[in-house]
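Trainee: Supplied in structure tokens, the structure appears directly below.
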Amino acid sequence: MTAKLAFFVFFVISQASMAQDKMSLNTFLAKVKEQNLDLKVEVFKSDATQAKAIGLSIPPPMVGINQMQMKDTGASANGFEVNQMIPFPTKLTSEHSARQFEASSQDEKRLAKENEIMAEARLSYFSLWAVQEKKNLLIERQEVIKNHLKLARSTARSDSFAGIHVLKAESDLDFLENDIEAEDQEITERQAVLANLLNVNAADFKIKAEEPPLTLPPKSFSTEKTHQIQALKFDLERMKSKESEARSSWFPDLNLKYREMGATPMFPQYSEVMVGITLPFVFFWEPNANSEMAGAERMQAEAELEKQKRNIESKVATLLSRADSLKRQILTLKEKLIPKAEKRMRLVHNLAPRDMETLQDHRETMEAFPELKMKALMLRLEYEQTISQLEKYFANKGSSHE
């Protein structure tokens, strides 16, 4: 009774441990969004540019203390001086606009980076599930060959060619051992990738992925709404503001000064107010160079925006076409080829091979089922890789699934 109880407790603990090792795709993605360090870095970068965009950039006032000493009489007077430089108004507004557009651009870049990281995380999770599933299919094929060998050995007693067939099957079985071992290593490496995305210790991170639903591409797509293009649009606006600021460098800045000095036996107390302006047009080459450089940078930003629009449109069109083709291939395998292979396998399962030809047919038929499932798995992996590339351009509105 004690032994049975111990076995029951061990069984319950084992089952609980296995359940704890499983993690769904949604749970994993939620943890990535919360814990990923790259996402946090992007948030901090965005916060920094948002803080930089606050307020007008006016030089701080300068306050000085003056002391006047009369060498002949030894008398002295104390005073103070305040200086304030005020840039031309269009310089202030243009520079402030440039910083605001920079902050908006950085925020769009953060969202684009979030898309990339979440797409990478989804693909990494699927890759782990695919490797685990591949290992299961190799084990399934291993069992097929083992069962086939039992039949083949009985035929080999009376057929020399069947003996060669048995040796070939035994060699294939040995190769499968190596393949399964390689998949175990691949699983470890895939789990390490997921651990890195979650910012946890890879040595302690061992999970079993569940089969994710089929990710569907968006029904409608707008290049203009992608975060990459939005970021470039804000960059262009920033360049326009900087160009406006550079053109304003021809205009004078205002310099205000107020000075007050105490009285001495020789001089009464007095105050002084001075209003001055800069003359940037005197050295005309400097504002002219700044203006031309800002104009060139603005035109470069315009060209970069158009270039990226065309690139994204071309990439998305190609990826959507590839995803549609792969999805049809997957459906053909799942709905037509795999069911037929399974039906043939069931029909052949109870038939005993009588000669070399039927022996070979038996193996090919029995192996066709796991091999087709393996092909479907590889097509699904290629499909998810394609969707992962597409998701880099999706707006952050969640993904649809089948």
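The values are calculated or read from the model by the stated rules, or taken from the named source; none is laboratory data. The structure presented is a predicted model; accordingly, all values stated were derived computationally and were not measured. When we count neighbours, we look across all protein chains shown, and the Cβ atoms used for this are built from the backbone with ideal geometry, even at glycine. Please note that ligands, DNA and RNA were not included when accessible areas were found on the heavy atoms of the full protein model with its side chains. Shrake-Rupley method; radii C 1.70, N 1.55, O 1.52, S 1.80 Å.
Trainee: Just one of the numbered conditions (1) within 24 Å of Ile58 (Cβ to Cβ); (2) in contact with a helix residue (DSSP H, G or I) (Cβ under 8 Å, 6 or more places away or on another chain) is not true of Arg190; which one?
Mentor: (1)
Trainee: Which residue pairs have Cβ atoms under 7 Å apart, sit 6 or more places apart or on different chains, and have a first residue in segment 74-95 that is open to solvent by 30 Å² or more (accessible area, probe 1.4 Å) and a second that is in a helix (DSSP H, G or I)?
Mentor: Qualifying pairs under 7 Å: Phe88/Ser248; Thr90/Ser244; Thr90/Ser248; Lys91/Glu245; Lys91/Ser248; Glu95/Glu245.
Trainee: Considering only residues that are under 13 Å from Glu306 (Cα atoms) and surrounded by 13 or more Cβ atoms within 10 Å (Cβ to Cβ), which ones fall in segment 214-230? Show your work before the answer.
Mentor: Kept after step one, since they are under 13 Å from Glu306 (Cα atoms), are these residues of segment 214-230: 223-224, 228-230.
If the condition is that a residue be under 13 Å from Glu306 (Cα atoms) and surrounded by 13 or more Cβ atoms within 10 Å (Cβ to Cβ), then Thr223, Gln228, Ile229, Gln230 are the ones that fit.
Trainee: While we're on this one: Filter segment 96-125 down to residues that are over 24 Å from Ser24 (Cα atoms) and among the hydroxyl-bearing types (Ser, Thr, Tyr) and give me whichever is surrounded by the fewest Cβ atoms within 10 Å (Cβ to Cβ).
Mentor: Among those residues, the one meeting the criterion is Ser97.
Trainee: Moving on. Between a first residue in segment 196-213 that is within 17 Å of Glu120 (Cα to Cα) and a second residue that is in a loop (DSSP other than H, G, I, E, B) and open to solvent by 90 Å² or more (accessible area, probe 1.4 Å), which pairs have beta carbons less than 7 Å apart while being 6 or more apart in sequence or on different chains?
Mentor: Pro213/Glu402
Trainee: Here's a follow-up. Considering only segment 264-301, state which residues are assigned to a loop (DSSP other than H, G, I, E, B), in contact (Cβ under 8 Å) with a residue 60 or more places away in the chain and surrounded by 12 or more Cβ atoms within 10 Å (Cβ to Cβ).
Mentor: Thr264, Phe267 - these are the residues of segment 264-301 that are assigned to a loop (DSSP other than H, G, I, E, B), in contact (Cβ under 8 Å) with a residue 60 or more places away in the chain and surrounded by 12 or more Cβ atoms within 10 Å (Cβ to Cβ).
Trainee: Modelled with pLDDT under 90, open to solvent by 80 Å² or more (accessible area, probe 1.4 Å) and either closer than 30 Å to His227 by Cβ or not in a helix (DSSP H, G or I) (or both), is that true of Leu347?
Mentor: Judged against the criteria, Leu347 is not a match.
Trainee: Okay, next question. Within segment 29-79, count every residue that is under 22 Å from His96 (Cβ atoms) and of a type in the set (S, T, N, Q).
Mentor: 4
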